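Working notes for the structure below.
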Amino acid sequence: MPRRILQGVVVSDKGDKTVVVRVDRTYLHPLQKKTLRKSKKYHAHDEANAVKEGDIVKIQECPPKSKLKRWEVVTG
């Protein structure tokens, strides 16, 4: 089964080998037909500590690395 890949913006790089990525998605409200924007934050593993706050990155699913980290950075 293929692993999901999401794209988002790094909002925090304060943890060691960990970044927090905000992934935004848009969808149409079923009744009002209005475009809405929803965001979710994911903790991702960054082995090289290469990405910084504000960078746009792609993250992909991986086996759990800690309590919160189930994603890893694919590109910087």
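Throughout, read-outs are computed from the coordinates displayed, never taken from laboratory work. Since the model is a prediction, treat every value here as computed from it, not as a measurement. A quick note on method: Cβ atoms are made from the backbone with ideal geometry, for glycine too, and the neighbour counts reach across all protein chains shown.
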Filter result (in contact with a strand residue (DSSP E or B) (Cβ under 8 Å, 6 or more places away or on another chain) and surrounded by 10 or more Cβ atoms within 10 Å (Cβ to Cβ)) within the stretch 29-49: LEU36, SER39, LYS40, LYS41, TYR42, HIS43, ALA44, HIS45, ASP46
Qualifying positions in the stretch 13-26 - surrounded by 10 or more Cβ atoms within 10 Å (Cβ to Cβ) and part of a strand (DSSP E or B): THR18, VAL19, VAL20, VAL21, ARG22, VAL23, ASP24, ARG25
Residue within the stretch 37-52 that is assigned to a loop (DSSP other than H, G, I, E, B) and within 13 Å of the chain's Cα centre (by Cα) present: yes
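Do you know which of the residues in the stretch 53-65 that are assigned to a loop (DSSP other than H, G, I, E, B) and in contact (Cβ under 8 Å) with a residue 24 or more places away in the chain is surrounded by the fewest Cβ atoms within 10 Å (Cβ to Cβ)?
For the stretch 53-65, the residue satisfying everything is GLY54.
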The stretch 28-52 residues that are farther than 22 Å from GLU72 by Cα, paired with ones that are surrounded by 10 or more Cβ atoms within 10 Å (Cβ to Cβ) and among the basic types (Lys, Arg) (beta carbon under 9 Å, 6 or more apart): ARG37/ARG25
